[in-house]
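*Asks:* Starting off with a structure, shown below.
The values are calculated or read from the model by the stated rules, or taken from the named source; none is laboratory data. On a predicted model such as this, the values are computed, not experimentally measured, just so you know. Positions of Cβ are generated from backbone atoms using ideal geometry, with glycine treated the same way; all protein chains shown enter the neighbour counts.
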Amino acid sequence: MDFLSIRWIDIIDILLVAYLLYQLYRLVRETVAINILTGMLILYVLWLIVKLFDMKLLSAILGQFIGLGAIALIIVFQQELRRFLIYLGSTGIFDKGILRRKINTLLNPEKKNQTTNLDVIVKACNQMSASFTGALIVISKKNDLKFYINTGEMLDARLSKRLLESIFFKNSPLHDGAIIITGNKIKAARCILPVTENPDFPAHLGMRHRAAVGITEISDAIAIVVSEQTGSVSFIAGGNIYANLNDIELKEKLEQYLYE
């Protein structure tokens with residue numbers, strides 16, 4: 001009965017593999033990559049069936065494809081693997097650790113009491129909506145988004161309505177790209193974000209919305225987009241878009257998702 005014995009480490013092993021596979025599936029489920037992945041799984045199952053029936057020639061041919069599987073996966077799924085690794089590196093899984101939390105508190109004693117001023121953001125979005133000023137605002141939660149902060153111009157400035165409007169003013173050198181807010185500070189402006197690859201993404205929406213959906217798909221961040229064409233304000237969380245929000249609705253969404 002030794003073959004039925006299961007150690008606790010085996011259970012952890014299975015759970016970790018299941019978690020990684022689930023997160024990988026989440027990244028590719030609404031992209032063309034899911035079709036490629038399905039095709040490769042079908043090929044693998046076919047190879048197992050061919051081996052079972054001892055069809056040597058076909059088994060040898062399919063075996064060559066399977067043998068190059070790891071290299072093929074890296075080539076075919078370059079972007080998905082990159083997104084997956086970025087997700088793992090920014091999930092904040094270890095932020096709940098006691099040691100990590102204590103170290104962060106010692107190094108950043110002011111961060112504990114920082115709360116994002118939502119009224120400032122709502123008022124700025126209302127003003128930019130009225131003037132048809134395009135804007136892309138990302139608010140980080142557990143994920144620090146350092147990778148994306150480093151793609152922009154570092155500010156580390158206190159959040160204010162006037163500063164938000166100045167950044168997204170059409171003649172400002174910082175208006176292109178996204179700003180990332182952590183706590184009550186604008187960490188960086190002109191940041192480059194990943195765009196969604198969802199084939200069902202609404203065709204009438206532009207690159208700001210694509211980038212907002214993209215960053216919320218691979219992190220727990222939330223985003224706000226002000227349309228330059230229509231002036232409409234959209235809230236994005238978990239890859240979902242809540243469009244045409246007024247001030248009250250935007251404030252409710254921010255409170256709901258930022259402090260959940």
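*Asks:* Please list, ordered by first then second residue, the pairs with beta carbon atoms under 7 Å, 6 or more apart or interchain, first in segment 31-57 and assigned to a loop (DSSP other than H, G, I, E, B) and surrounded by 10 or more Cβ atoms within 10 Å (Cβ to Cβ), second charged (D, E, K, R) and modelled with pLDDT of 80 or more.
*Replies:* Here the result reads THR31/GLU197, each pair linking segment 31-57 to a residue that is charged (D, E, K, R) and modelled with pLDDT of 80 or more.
*Asks:* Can you tell me which of ILE236, ILE248, ILE241 is out of contact with any helix residue (DSSP H, G or I) (no Cβ under 8 Å at 6 or more places or on another chain) and free of Cβ contacts under 8 Å to residues at least 60 places away in the same chain?
*Replies:* Unique residue meeting the criteria: ILE248.
*Asks:* For ALA130, only one of the following conditions fails: (1) surrounded by fewer than 16 Cβ atoms within 10 Å (Cβ to Cβ); (2) under 24 Å from ILE241 (Cα atoms); (3) without any contact (Cβ under 8 Å) to a residue 40 or more places away in the chain. What is its number?
*Replies:* (3)
*Asks:* Wholly within segment 165-227, which strands (runs of 3 or more DSSP E) include no fewer than the required count, namely at least 1 residues that are over 15 Å from LEU136 (Cα atoms)?
*Replies:* Qualifying strands (runs of 3 or more DSSP E): 185-191.
*Asks:* Which of (1) within 14 Å of TYR148 (Cα to Cα); (2) surrounded by 15 or more Cβ atoms within 10 Å (Cβ to Cβ) is the odd one out, the single condition LEU254 does not satisfy?
*Replies:* Condition not satisfied by LEU254: (1).
*Asks:* Among the residues of segment 234-251 satisfying the criterion of being surrounded by fewer than 17 Cβ atoms within 10 Å (Cβ to Cβ) and polar (S, T, N, Q), which is nearest to VAL120 (Cα to Cα)?
*Replies:* ASN246
*Asks:* Another question, then. Spot the failing condition for SER166; the list is (1) within 20 Å of ASP156 (Cβ to Cβ); (2) in contact (Cβ under 8 Å) with a residue 12 or more places away in the chain, and only one is missed.
*Replies:* Evaluating SER166 over (1) within 20 Å of ASP156 (Cβ to Cβ); (2) in contact (Cβ under 8 Å) with a residue 12 or more places away in the chain leaves (2) as the failure.
*Asks:* Another one. How about segment 183-223: which of its residues are in contact with a helix residue (DSSP H, G or I) (Cβ under 9 Å, 6 or more places away or on another chain) and over 28 Å from TYR22 (Cα atoms)?
*Replies:* The answer is GLY183, ASN184, ILE186, LYS187, ALA188, ALA189, ARG190, CYS191, LEU205.
*Asks:* I'd like to know if segment 109-121 contains one or more residues that are in contact with an Asp or Glu (Cβ under 9 Å, 6 or more places away or on another chain), at pLDDT 70 or above, in a helix (DSSP H, G or I) and of a type outside the set (Val, Ile, Thr). Give the steps one after another, and end with the answer.
*Replies:* Filtering segment 109-121 down to residues in contact with an Asp or Glu (Cβ under 9 Å, 6 or more places away or on another chain) leaves 118.
Keeping just the survivors that are at pLDDT 70 or above gives 118.
With in a helix (DSSP H, G or I) added as a condition, the list becomes 118.
If we keep only those that are of a type outside the set (Val, Ile, Thr) too, we end up with 118.
Yes, there is a match, as at least one residue in segment 109-121 is in contact with an Asp or Glu (Cβ under 9 Å, 6 or more places away or on another chain), at pLDDT 70 or above, in a helix (DSSP H, G or I) and of a type outside the set (Val, Ile, Thr).
*Asks:* Identify, by number, the condition in (1) under 11 Å from the mean Cα position of the chain (by Cα); (2) free of Cβ contacts under 8 Å to residues at least 24 places away in the same chain that ALA203 doesn't meet.
*Replies:* Only one criterion is unmet by ALA203, namely (1).
*Asks:* Out of the residues in segment 1-30 meeting the condition of being hydroxyl-bearing (Ser, Thr, Tyr) and part of a helix (DSSP H, G or I), tell me which one is modelled with the highest pLDDT.
*Replies:* TYR19
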